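Beneath this line is the structure, given in structure tokens, with notes to follow.
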There are 2 protein chains.
Amino acid sequence: MERPRIRDYFQQDLSQNETITPKQRAILQASLDLFAEKGFDQTSTSDIAQRAGVAEGTVYRRYKTKAALRDAILAPITAHIVPILASDFSEDKLRQRYPSLQAFVTAIFTDRVAFAKANVKELKVIFEVAAFDTERREQILSQIAPKMVKQMGSVINQLKADHLIVDWPNDLILQSLLSQLFGYLARLILELPGTEIEREQAYLITVMTKILTPGEHDQITGQ
Amino acid sequence: MERPRIRDYFQQDLSQNETITPKQRAILQASLDLFAEKGFDQTSTSDIAQRAGVAEGTVYRRYKTKAALRDAILAPITAHIVPILASDFSEDKLRQRYPSLQAFVTAIFTDRVAFAKANVKELKVIFEVAAFDTERREQILSQIAPKMVKQMGSVINQLKADHLIVDWPNDLILQSLLSQLFGYLARLILELPGTEIEREQAYLITVMTKILTPGEHDQITGQ
DNA sequence: CATTAAAATGAGTTATCACTCACTTATTTT
DNA sequence: AAAATAAGTGAGTGATAACTCATTTTAATG
């Protein structure tokens, strides 16, 4: 159940070249918390200073601008979200052959959901950027999407060869999987009321398995 | 293919009590456009004035604050999104019995997707508010969710009685449907690259039909 | 056409907030 | 322990942006 947190990768990143003081760490933590709570624009640098228990000048010691501060938070997310979401993940989970579709779906999803849970704040910050900054959104996507399509694609092809999965184009398969995951994450991030996480998770796996099971309804309708 | 637009309901709302001048209309339109493009905080009132072709003072004539301006845009959305998303919709589409699951899904989704397409800007503004304003999010949800659950629930029950749909709790059924819709809308709103709308829509219906078709995989797994 | 009311204007005010800098405190080096 | 370097401070600054108001323009009314 121990999941890597983006925070940890951040620490790791820094300790190689530079050191980070406790106050600077407090500033990063406060920024992350506040950006996730109120959004970037609604968070002032004096808010951050107050929450971190430092003077406002200290906020500007390491990071020249407020935007740079956000970038510092986002950097490890975009840098490590790729290995976590695709590569690293593939090493552990994608190499092996899956006996059943259910096994595949369960492996993938318990993993991804746990990761998301451990990094809700970071995801919220990255979603805010992606929502209104077109350039950055495309940049982030261009980092993540191709690798993911490739990695997952190979497993899907394997499952296709074993006739364990529906014979749809890979991008469409990924899309419906991601939609379900995305819908689940949205409820998680927004803390929608009446959400019983355990029950949902089990259901999510059932639904996705069902989507992917080969069957009679598999021809894609419409013109 | 003619879909009601939130804009129209807005106009309708106003013309009952007060009149709205062309300049005030231009201000509302400019606000909506800019809020959707850049986000609320990144839009200044002088931006709005410029886009609308009026003086900045004019912006403040009817709406005392910038927030009130956003509220004025949001009001008809939250007020009419309920009838459109649930009631009105139920009159037209939910009353009739559906011969097949596919017919049901197609009816529902072509409808909802067309509506969303016609109101992308409004949805974007409402999502921004919902993302960081907890109170408003809950308020909006409390308006929409129960009615939707009730309306859709009756149709789902009908389909259940005819054994046309999987025997899951209604809230879980709605959830997976909404996840797929939500995932689709996200791609639509964010204009993700490589999105072929027609193909996606057909696929969406196929996936949702598959989810809802009764079958062997229907017991919900997990502890 | 004259009068009155409403709408619109834009220069001006106030407040906020990102950011700076001269200075103090802590830490490391010699 | 003295000197040097780095970290931290907080009052201050400039710019921006929300908002006001005295005045002008437009529209409505008799």
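Brief remarks on what is shown
- Accessible-area value, A:Asp111, 1.4 Å probe, nucleic acids and ligands omitted, Å²: 10
- Peptide-level mean, for A:100-110, of C-beta atoms on other protein chains within 10 Å: 1
- Protection proxy ranking for B:66-76, A:176-186, B:135-145, using the average of other Cβ atoms within 10 Å per residue and placing the highest first: A:176-186, B:66-76, B:135-145.
- Inter-site label distance for B:Lys38 and A:Asp171 at 7 Å from Cα along Cβ, in nm: 3.3
- Counting only the Cα atoms, region A:6-215 fills a convex hull of 133 Å³ per residue.
- For A:Asp41, the point set 7 Å out from Cα toward Cβ sits 0.8 nm from its twins in the other copies, listed from shortest up.
- Sorted from closest to farthest, the other copies place their A:Ala161 label points 5.1 nm away, with each point set 7 Å from Cα along Cα→Cβ.
- Net dipole in debye of region B:6-214 [+1 Lys, Arg Cβ; -1 Asp, Glu Cβ; about Cα centre; nearest 20]: 220
- Calculated FRET efficiency for the pair A:Ile20/A:Ala79, C-beta based, R₀ 22 Å, to 0.05: 0.85
- Between A:Val149 and A:Ile189, the FRET efficiency from the beta-carbon distance, with R0 = 41 Å, is close to 0.95.
- Once both labels are positioned 7 Å from their Cα atoms along Cα-to-Cβ, the gap between A:Lys64 and B:Gln158 label points is 6.4 nm.
- What the phi angles of region A:201-207 give under the Karplus curve with 6.51, -1.76 and 1.60, with θ = phi - 60°, is a coupling list of 5, 4, 5, 4, 5, 4, 4 Hz, glycine and proline written as x.
- Interface size, chains A and B: roughly 4200 Å² of accessible area buried, both sides included, 1.4 Å probe, rounded to the nearest 100.
- Which listed pairs, of A:Lys160/B:Lys210; A:Lys147/B:Lys117; A:Lys117/B:Lys117, have C-alpha distances above 22 Å, in listed order: A:Lys147/B:Lys117; A:Lys117/B:Lys117
- Look at where the Cα atoms of region B:105-181 and of region B:31-60 average out, and the two centres are 31 Å apart.
- Phi-based couplings in Hz for region B:175-181 (Karplus 6.51, -1.76, 1.60; Gly and Pro marked x): 4, 5, 4, 5, 4, 5, 4
- Nearest-to-axis residue of chain A, judged by beta-carbon position, where the axis maps A onto B, in Å: A:Asp41, 2
- In summary, the lysines within cross-link reach of A:Lys124, defined as a Cα separation below 20 angstrom excluding same-chain residues under 8 places away, comprise A:Lys38, A:Lys66, B:Lys38, B:Lys124.
- For A:Gln29, label point 7 Å along C-beta direction: distances to other copies, nm: 5.2
The values are calculated or read from the model by the stated rules, or taken from the named source; none is laboratory data. As the structure is a prediction and not an experimental result, all values here were calculated from the model. Quick reminder, even Gly has a Cβ in these numbers, built from the backbone with ideal geometry, and neighbours come from all protein chains shown. Areas reflect the complete protein model, heavy atoms only, side chains present, ligands, DNA and RNA absent. Shrake-Rupley method; radii C 1.70, N 1.55, O 1.52, S 1.80 Å.
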